[in-house]
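The values are calculated or read from the model by the stated rules, or taken from the named source; none is laboratory data. Here the structure is a predicted model, which is why all the values come from computation and not from measurement. Positions of Cβ are generated from backbone atoms using ideal geometry, with glycine treated the same way; all protein chains shown enter the neighbour counts. The area values use the complete protein model at the heavy-atom level, side chains included, leaving out ligands, DNA and RNA. Shrake-Rupley method; radii C 1.70, N 1.55, O 1.52, S 1.80 Å.
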Amino acid sequence: MKLTLKKLASVLLCGGMCVAAQMASAPSAMAQQITGTPGSPSATVTIDGKQLPPPPLPFGGVIKEDAKDSKPYWPPSVVPPKGAPNVLLIMTDDQGYGVSGTFGGVIPTPAMDRIAKAGLRYTQFHSTALCSPTRAALITGRNHHSVGFGVIGEMSTGFPGYDSVIGKDCATVGAILKQNGFATSWFGKNHNTPTYLYSLAGPFDQWPSGMGFDYFYGFMGGDSDQWTPYLFRDHTQIFPFVGRKDYNLITDMADEAIKYLGDLNAAAPEKPFFLYYVPGGTHSPHQPKPEWRDKFKGKFDMGWEKLRDVIFANQKQLGVIPPDTQLTPWPDSLPKWDTLSFIQKKLYAREAENFAGYAAYTDHEIGRVIQAVEDLGKLDNTLIIYISGDNGTSAEGTLEGTFNQMTAYNGVLTLPEAAQMLHYEDWGSDKTYPHMSVAWSWAFDTPFKWTKQVASHFGGTRQGMVISWPGHIKDVGGIRTQFHHIIDIVPTILEATGIQAPEEFNGIKQRPIEGVSMAYTFDPAAAGPKAASKRETQYFEMFANRGIYHQGWYACTTPPAPPWLLGTTKLPDVNEYKWELYNIAEDYSQFNDLAAKNPDKLKELQALFLTEAAKYNVLPMDNSILPRLLTPRPSATAGRTVFTYSGAHEGIPVGNAPSILNKDYTITAEITVPEGGAEGMIVTMGGRFSGYGLYLLKGKPVFEYNLLDLKRERWEGGLLGDDLFGRALKPGKHTIVFEFKFDGPGMGKGGAGVLSVDGRELARHTLEHTIPAIMALDETFDIGSDTRTGVDDSHELPFRFTGTIDKLTFKLGPEQLADGDKKVIDEAIAHAND
């Protein structure tokens with residue numbers, strides 16, 4: 001059939017009328033309010049938001065055979081409801097209730113003070129006790145187990161509450177606001193993308209871009225070196241620190257956010273923004289600029305117990321704790337300041353000075369972002385939510401603190417005092433990856449007991465939070481005591497913007513938002529500081545340590561082992577934990593355990609916890625550490641024992657690289673040396689704080705093994721009399737081999753390595769120990785160059801290889817683990833395959 005222009009127009013018009021008919025017969029998701037001239041380029045529409053993205057509107061113009069007889073029509077742009085504010089959502093990292101000056105701490109936080117004075121302080125606001133679980137709950141408005149983050153992604157297992165995958169039935173606040181006309185951006189820490197998806201192979205549906213954020217500038221994991229960060233702009237790895245000696249990510253992040261806001265305003269001044277600003281401060285490594293650390297010199301010579309007393313007195317004076325609050329006792333498991341030696345006091349005070357500088361520096365840069373909003377004339381129409389910490393202050397630095405957090409992550413819980421003091425002057429610099437003593441962490445959680453990771457007690461979960469919204473919060477400078485949780489932020493934002501949570505997103509029915517809005521606390525005439533909390537019940541769980549709040553009562557388990565032991569001690573069965581009971585309506589700090597006096601109330605709350613646990617994917621509970629670290633996860637390299645590469649490749653994430661831990665391995669590099677010789681990195685994993693590298697230095701082969709920055713072993717040179725001894729490799733093709741035999745079974749055992757060239761042995765050394773568990777966190781597997789930091793200081797980065805890598809091969813033997821370790825892995829595999 002010949003299709004004439006007239007017939008084609010008829011078909012098109014029929015299609016348009018059919019669409020219109022369908023739209024008329026179905027509930028409209030676009031039928032709230034159209035402003036401007038319908039069909040004009042400037043027309044806008046608000047939507048009811050039940051279905052996102054909204055279905056397209058039918059063509060509203062006229063199509064005739066001739067364009068001059070036709071009428072064009074532009075679909076209206078989606079905008080939020082009239083009066084919807086911009087949203088600036090801020091959260092710092094690893095800061096307990098007693099850190100910020102805004103909540104009684106000794107560390108000045110003027111940016112947070114500014115928001116508190118313009119708005120409200122909340123004194124019973126809670127996290128989940130751990131990083132990525134809190135963040136998943138924050139951006140979805142659902143409990144952390146409901147969105148797959150019952151634990152950090154690095155310990156994910158194949159159960160719905162623990163798989164580190166935010167389900168498609170749980171759209172984030174970024175996705176919701178984006179579909180309702182907001183420009184959405186994310187700056188800083190992610191930690192909500194599964195670790196096995198960090199590579200550029202994707203998919204990207206679990207990256208910020210796939211979670212509704214138009215723009216991402218930050219790092220993917222739980223922490224990052226602030227001097228040489230593992231940084232992404234959207235999906236692309238970037239290196240803004242190269243050539244900038246004064247670079248620090250905390251400042252760079254603020255610079256980028258300020259630039260983004262300025263560029264957005266220049267391009268679309270009326271477009272509202274949702275900016276999610278989550279810097280890495282103060283998660284380890286504690287790395288402020290030195291002038292910030294030096295501001296606190298001598299400020300902590302008083303020691304940790306007296307620091308608690310000062311914070312406690314400040315809190316009472318500010319009214320951020322009730323006047324009858326009791327300071328919980330100092331634990332017997334932590335040393336008292338007066339028992340320490342002079343050197344210990346000097347070292348520990350330095351750790352606190354550095355942490356305090358990091359916290360103050362982070363708040364200062366946050367202040368610059370807030371000021372940028374004001375400079376653009378948008379502060380009066382911006383809802384600002386500023387949360388101090390995603391959990392309590394971290395106890396992962398061990399009892400002593402450490403100049404290199406990688407030591408603690410690998411089970412090295414004590415270090416020689418001399419090794420620590422070698423870094424006294426450069427503590428916090430690019431030469432360290434530091435954390436502080438647990439005792440400081442406990443003090444910074446005043447007035448509560450415990451620390452980060454402990455979900456049962458408020459030292460792990462109570463966060464200072466402030467909210468401002470000019471013109472809408474009347475009781476400026478006020479204090480709110482209602483019990484709330486991190487999942488309550490999303491419904492608060494949605495109510496403030498007049499946007500509802502969708503019933504359907506991308507064709508998928510949505511799990512209901514589980515938080516409750518806190519907007520009722522904004523108006524003192526309607527609710528006020530004495531209004532009853534709209535959150536009556538909230539469960540807490542992390543590593544099977546748990547708690548349950550209900551109508552002013554709180555039941556919780558006693559932590560069976562302190563978190564600073566990092567899973568190195570045996571734990572009881574999850575059903576054998578001791579329980580405690582508190583009436584927190586009268587006992588703010590969990591001081592008086594009433595379990596023995598009120599057994600019926602305790603049983604009631606224990607039963608309620610199980611009900612909530614079943615409802616929100618908390619089951620099965622698991623208190624293991626090592627088994628979950630070793631759990632097999634989806635991976636593009638799962639099961640491979642031979643890895644082959646050619647040419648140069650930078651930035652391959654740890655999860656996609658060959659792991660040489662606890663096994664035999666052989667690295668074979670077939671290279672071509674050009675005329676004039678070659679040098680540079682052939683292959684490396686890790687860097688200054690742990691890792692290895694195979695490279696040519698002035699043309700000579702070298703293999704370097706960095707054992708957690710505690711000891712380095714270098715294979716180089718050759719045997720006396722060998723014609724390769726002391727000489728650079730001649731032009732032409734060569735084969736360099738490093739072969740390592742592991743002294744297993746057992747994690748972290750030693751072994752013997754041999755470096756050879758063209759079949760001739762150059763060097764043979766033994767290692768007493770090897771890295772047992774984690775070789776790199778914020779470093780990558782690099783071939784042909786070395787990004788971020790080097791395993792030693794013998795060369796300048798990026799130390800690009802000036803020859804040709806024809807072929808690079810890793811051959812891996814089986815993991816050689818002790819019986820107990822093997823059992824752990826077998827159980828993990830069995831669970832993964834269930």
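Per-structure values
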{"read-out": "Pro560 being open to solvent by 20 Å² or more (accessible area, probe 1.4 Å) and touching a residue at least 60 places away in the same chain (Cβ under 8 Å)", "value": "yes"}
{"read-out": "Within the stretch 306-324, considering residues that are part of a loop (DSSP other than H, G, I, E, B) and touching a helix residue (DSSP H, G or I) at 6+ places or on another chain (Cβ under 7 Å), the one surrounded by the fewest Cβ atoms within 10 Å (Cβ to Cβ)", "value": "Pro323"}
{"read-out": "Tally, over the stretch 661-672, of residues that are open to solvent by 10 Å² or more (accessible area, probe 1.4 Å) and among the aliphatic types (A, V, I, L, M)", "value": "1"}
{"read-out": "Test result for Thr631, outside any loop (DSSP other than H, G, I, E, B), of a type outside the set (A, V, I, L, M, F, W, C) and either touching a Phe, Trp or Tyr at 6+ places or on another chain (Cβ under 6 Å) or in contact (Cβ under 8 Å) with a residue 24 or more places away in the chain (or both)", "value": "no"}
{"read-out": "Scan of the stretch 441-468 for residues that are part of a helix (DSSP H, G or I) and either charged (D, E, K, R) or within 21 Å of the chain's Cα centre (by Cα) (or both), ordered by number", "value": "Ser441, Phe458, Gly459, Gly460, Thr461"}
{"read-out": "Residues within the stretch 227-257 that are among the hydroxyl-bearing types (Ser, Thr, Tyr) and either at positive phi or open to solvent by 20 Å² or more (accessible area, probe 1.4 Å) (or both), tallied", "value": "3"}
{"read-out": "Some residue of the stretch 421-438 being farther than 24 Å from Arg135 by Cα, aromatic (Phe, Trp, Tyr) and in contact (Cβ under 8 Å) with a residue 12 or more places away in the chain", "value": "yes"}
{"read-out": "Single residue of Glu396, Glu425 found to be open to solvent by 10 Å² or more (accessible area, probe 1.4 Å), in a loop (DSSP other than H, G, I, E, B) and in contact with a helix residue (DSSP H, G or I) (Cβ under 8 Å, 6 or more places away or on another chain)", "value": "Glu396"}
{"read-out": "Among the residues listed as Glu270, Glu351, the single one being surrounded by fewer than 17 Cβ atoms within 10 Å (Cβ to Cβ) and among the acidic types (Asp, Glu)", "value": "Glu270"}
{"read-out": "Identity of the residue in the stretch 524-573, assigned to a strand (DSSP E or B), in contact with a Leu (Cβ under 7 Å, 6 or more places away or on another chain) and not β-branched (Val, Ile, Thr), that ends up nearest to Pro620 (Cα to Cα)", "value": "Met542"}
{"read-out": "Considering residues of the stretch 45-82 that are small (Gly, Ala, Ser) and within 25 Å of Ala175 (Cβ to Cβ) only, the residue least open to solvent (accessible area, probe 1.4 Å)", "value": "Gly49"}
{"read-out": "Any chance Asp205 is closer than 26 Å to Asp363 by Cα and either aromatic (Phe, Trp, Tyr) or surrounded by fewer than 22 Cβ atoms within 10 Å (Cβ to Cβ) (or both)", "value": "no"}
{"read-out": "Some residue of the stretch 172-194 being touching a Lys or Arg at 6+ places or on another chain (Cβ under 9 Å), open to solvent by 20 Å² or more (accessible area, probe 1.4 Å) and touching a residue at least 60 places away in the same chain (Cβ under 8 Å)", "value": "no"}
{"read-out": "Among (1) surrounded by 16 or more Cβ atoms within 10 Å (Cβ to Cβ); (2) modelled with pLDDT of 95 or more; (3) not in a loop (DSSP other than H, G, I, E, B) - the single one Thr611 does not satisfy", "value": "(1)"}
{"read-out": "Residue that is among the small types (Gly, Ala, Ser), on the phi < 0 side of the Ramachandran plot and touching a residue at least 24 places away in the same chain (Cβ under 8 Å), where the choices are Gly746, Gly753", "value": "Gly753"}
